[in-house]
Amino acid sequence: MRDSTWVSTSMPYVTPREKGQPEAWDEEAAARGGKGSQRITHAGEVPAPEEVAALLDVTAGEPLVVRRRVIELDAVPIELTDTYYPVEIARGTRLAGTGKIRGGAVTLLAELGHVGVRVREDVTARMPTAQEREALRLGGDEPVLRLNRLTLDGADRPIQADLMVMPAHRQRLRYEIELSGIGAGLKLEGP
């Protein structure tokens, strides 16, 4: 990899893959000359943390299914991702297990009848926790970006919440927005 800054867009990660198509991360890393991989460190039911409960519109402590992953580029950890699902969607499915999901979780969700049609992302910067610093191999003065992504279906029901932490100095997030037909839905927030 020539440049140490990774430019990433969200669209491939919220769109179901075609049959036989590689996972979005594997494809993106390969297109840039690297090898993408991920390790699932935990999968199963957990009580909903307050922040996630608010995103998925459930009560804090209510059971959710989570998949915790370490995303790697050329065997170097570059992102920590916790993905949460309502139990009525994920319980008893491959989303609740530690096995690799062919085509990715978004593809499996679509196969299960849950297709995302709207995504909301919030990006913040902060200093990492000690656990995040160790997992991402960061120095004591290196901040992280925190990206929270909520995916909603056609009935505006939350179907997936992703909480991602990545080293700020190695990331640039790119957003491309189609303006046709969404002008009234654009909301800008500031400090």
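Quick look at the numbers
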| read-out | value |
| --- | --- |
| Burial ranking of peptide ranges 120-131, 163-174 (average Cβ count within 10 Å, highest at the top) | 163-174, 120-131 |
| For region 119-124, Karplus couplings with θ = phi - 60° (6.51, -1.76, 1.60), whole Hz, Gly/Pro x | 10, 10, 10, 10, 10, 9 |
| Computed lengthening from Glu50 to Glu134, 0.36 nm per intervening residue step minus Cα-Cα distance | 27.8 nm |
| Label zone at Ala155 (point 7 Å along Cα-to-Cβ), backbone N below 13 Å, region 100-122 | 113-115 |
| Label point distance in nm, Val123-Arg39, each placed 7 Å from Cα along Cα→Cβ | 2.7 nm |
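Each value in this text was obtained by applying a stated rule to the coordinates, not by laboratory testing. The model shown is predicted, which means the values in this text are computed figures rather than measured ones. Reconstructed Cβ throughout: ideal geometry from the backbone, glycine too, with neighbour counts over all protein chains shown.
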